[in-house]
Amino acid sequence: MYQQQQQRRRTTHCPTGHSSNVAYNNELNYISFYSGNCNLCTKEQFIQELKTWSSGNVNLDKVIQEFQIKVGFKLQWIPYENFHDIKYLADGGYSTVYSAILKNGMKAYWNYNKKQWNYAYINSPIALKELKDSKYDISEFLKEIKNLMIGNDYYYNTVFYGISKNPSTQNYIIFMLLYEDNLHRFLVKKPLRWDSRIGLLRQIIEGLDNLHRKNLVHGNLHSGNILMENCESISARIADFGFNGLTKNLIKKSSDDNNKNINIYGLIPYIPPEVLQGNAFTKEGDIYSFGGIMYEITIRKRPFYERAHDSNLISDICFNGVRPQIPDMQDLMPKFYSDLIYRCWNANPSDRPTTKELSDIFKNIYYLFEGYIKDDNALGKFKTINDEKEIIHPQSCYISRNIYTLYGLQDSLKSIKSGKCADPNLLKFNE
Ligand SMILES: [Zn+2]
């Protein structure tokens, strides 16, 4: 065993002379003689080619270049011509999402034997996110992503692959591989066993913990932007991180001298009461959103599915402590689990658990199913909601949008409640 390890650690050199024992991007340099792949050769080739492309924006070029030098090829500038079969998928408020085929793929590594690029994801389906306003400071967004991706612990978060620009609208595009399902659609398809639920929650909280350890706040976590990879085992990835910083710039415009927000962006059921009242979104706010995900994974319905997502709901959440209903059924979920959901939903942000605490809890329960702890059937007796369909209220809204905070509504709330004044938060039926 020891000898094997020694052998694996043996230093090797690529033909250019790069050593496998040199750290690159926090990991040891990877060299494969079989495929002619050396991470440092690839990096050098990227640096050589820096002058062969341009996004048309000097600042953005600089960020992508720095990204490729420090983090590697996880981010590339791809010309719009590489996208084929572009189809409209959805409107996401500040961006429009399309599906497309990445015809020529992306550079995966420089083959030092053949002296040519080896491409990955040729003809792969991808999701394009076109940012509607080209004034978005996309370079700030990329800096945030870069900080996140330095190091090797970004496994549970979606990796962004490419940046492009739509020549007809001049809007920037961020794209990634297309995932078949998000968590919501995944849960609708079939009920999960408890071990799978806990496994999923563990992946999601570890992804969130990774953001929080790097002092990043997600700010819009919900079951629609957790992407499901359907390999042999279930795997969840948090998407849309980094957009908090991107939208912050826009929201800033709508906040006043007291630093309170008039508008926020997201889904009312997942937004914590302090943010609905106009305060900043914090790490503790992400935990509140995570409570909604814990709820949905068990109940198989989204929080507040049965209510209109309007100013009345906001006021109930903030002033009356109203939270999504957990059906009063015995054996639906263990008490520690419902207690944990309610702790995430605590009105006082500092009383909510941290990602570290939640991560430890799920890790321990997970081991219980893996057979590491003898009490192996502790959760087996709890029922699964099988057949009930989620019939949502026609004025509920699970697409991210602009929402007026209670601070933004201020004096008009009374008139809105009495019906004297239209509620700007209420979805109109033609929307
Ligand atoms: Zn090399």
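What's the exposure ranking of H309, H184, H84, going from fewest to most Cβ atoms within 10 Å?
Details: H309 23, H184 20, H84 11.
Ordered from fewest to most neighbouring Cβ atoms within 10 Å, H309, H184, H84 come out as H84, H184, H309.
Suppose each label sits 7 Å from its Cα in the direction of the beta carbon; what would the Y30-E180 distance come out to in nanometres?
Label at Y30, label at E180, 2.5 nm between them.
Relative to the present Cα-Cα distance, how much length would full extension add between S350 and K260 at 0.36 nm per residue of separation?
Numbers: separation 90, 0.36 × 90 = 32.40 nm, distance 1.94 nm.
Answer, rounded to one decimal: 30.5 nm.
Among I205, I299, I64, I122, what is the fewest-to-most ranking by other Cβ atoms within 10 Å?
I122, I299, I64, I205
Can you tell me the order of 397-404, 185-192 when each peptide is scored by its average per-residue count of other Cβ atoms within 10 angstrom, highest first? Walk me through the numbers on the way to the answer.
Values: 397-404: 19.5, 185-192: 15.4.
My ranking of the peptides, most packed first, is 397-404, 185-192.
Of L313, L50, L201, how do they rank once you tally other Cβ atoms within 10 Å and put the fewest first? Each step should come with its number before you reach the end.
Working: L313 21, L50 14, L201 24.
Ordered by Cβ neighbours within 10 Å, fewest first: L50, L313, L201.
Here, each number is a calculation from the coordinates, and none is a lab measurement. Remember, it's a predicted structure, so these values are computed and weren't measured experimentally. In this analysis, Cβ positions are derived from the backbone assuming ideal geometry, glycine residues included, and neighbour counts consider all displayed protein chains.
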